[in-house]
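One structure is given below, encoded as structure tokens.
The values are calculated or read from the model by the stated rules, or taken from the named source; none is laboratory data. What you are looking at is a predicted structure, and each value in this text was computed from that prediction instead of being measured. Using ideal geometry, Cβ is built from the backbone for each residue, glycine included, and neighbour counts are taken over all protein chains shown. Side chains included, ligands, DNA and RNA excluded: accessible areas come from the protein's heavy atoms. Shrake-Rupley method; radii C 1.70, N 1.55, O 1.52, S 1.80 Å.
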Amino acid sequence: MTLTAPAPAAETPRSRRRAPRPVQRVRDSYRRYWYAYAMVAPVVIVLGVLVGYPLLRGFYLTLTDANSLNSARTIGVNTIDATYKFVGLDNYAEILWGPAAYDRFWSHFVWTIVWTVTCVVLHYAIGLGLAMLLNQRLRGRVAYRLLLILPWAVPTFVTVFAWRIMLADAGVINTMLGTIGLAEPSWLEDPTWQRTAAIMVNTWCGVPFMMLSLLGGLQSIDENLYEAAEIDGASAWQRFRHVTLPGLSSVSSTVVLLGVIWTFNQFAIIFLLFGNTAPDAQILVTWAYRLGFGQQPRDFAMSAAYGVLLLAILIVFTSFYYRWLKRNDQLA
């Protein structure tokens, strides 16, 4: 005997439930979680005032020819209205394809990429080495940790000014190099050595954060994994490659992303070390500051356009970075 399952009843228009509209979903969400909205509202308002409005205002300025001569200003008791005009995307076109595009944007863009990659690689490599060293059972390990955290704990301007004194022509570094018979570079005058000095100072300031983050990741790796690998005959390099690096993958992906963002926008070190005296060592963010506040007339529109381009570059990089991480997680 053959049993036949009853056919499902035909779906009638009344039985179909329409998906709630976006407005209705927002209303339902508000009714259920009104207390959460109330708790988040102050933060949203503060961020809107401190971040949202300046961002929108800056983007609007990129579409104008605003500078210090045609912007609204007050001189004594006289108030002068703004006279700048709407120019559309002309500022972006001039930055990317204008006659001075290479000297004003692309050369600084290439140096910014080199600066970011070099500094982040040094941060990670040196930070990982120090973290692995401090993760061992060493006598005085706490004291070593405190000493290595000092470059990060000291305010940036103090650190940079100290390095500026040491890198001077008659500073400690050149004195030591001259004592052992080596050449004494012009750290603060020669373009190549200026870039080298900037990388040195930024590495000194950025390694402690990377070291602490990776040290926390190392301490979260199960010791049994190392013991099992050692019993199986794995060498030190194999344990590092197959246990340490995979165990640090989540921490590494986060600190590398933060390191790229912070280094790409690292204004304080370049500005405090050189000011406006080293055009070849300027990265995009310091060059944008120079256009907006370090020359006359101050070009507010062009400076704001650089800021928007910086934001766009970081957004594109972050999106591709997360896609790459997600694809690697799926393949693992």
- Message: Need the failing condition index for ARG195 against (1) among the charged types (D, E, K, R); (2) within 24 Å of the chain's Cα centre (by Cα); (3) within 17 Å of ALA131 (Cβ to Cβ), just the number.
- Response: (3)
- Task: Go through the range 258-285 residue by residue and tally those that are more than 14 Å from the chain's Cα centre (by Cα) and not hydrophobic (A, V, I, L, M, F, W, C).
- Result: 6
- Spot the failing condition for ALA229; the list is (1) in a helix (DSSP H, G or I); (2) on the phi > 0 side of the Ramachandran plot, and only one is missed. (2)
- Message: Out of everything in the range 233-280 that is closer than 15 Å to MET132 by Cβ and aromatic (Phe, Trp, Tyr), what residue ends up being surrounded by the fewest Cβ atoms within 10 Å (Cβ to Cβ)?
- Response: TRP237
- Residues of the range 109-150 satisfying the condition of being touching a residue at least 24 places away in the same chain (Cβ under 8 Å) and outside any helix (DSSP H, G or I): ASN135
- What number of residues in the range 292-312 are touching a residue at least 24 places away in the same chain (Cβ under 8 Å) and either open to solvent by less than 50 Å² (accessible area, probe 1.4 Å) or of a type in the set (Phe, Trp, Tyr) (or both)? 11
- Hey, LEU245 at pLDDT 90 or above, on the phi < 0 side of the Ramachandran plot and over 17 Å from the mean Cα position of the chain (by Cα) or not: yes
- For GLY58, state whether it is part of a helix (DSSP H, G or I), farther than 17 Å from GLY292 by Cα, open to solvent by less than 50 Å² (accessible area, probe 1.4 Å) and of a type outside the set (A, V, I, L, M, F, W, C). no
- Filtering the range 92-108 down to residues that are open to solvent by less than 70 Å² (accessible area, probe 1.4 Å) and outside any loop (DSSP other than H, G, I, E, B) yields TYR92, ALA93, ILE95, LEU96, ALA101, PHE105, SER107, HIS108
- Message: Which residue is most open to solvent (accessible area, probe 1.4 Å), if the candidates are limited to the range 70-91 and must be under 19 Å from ALA288 (Cβ atoms) and not in a helix (DSSP H, G or I)?
- Response: LEU89
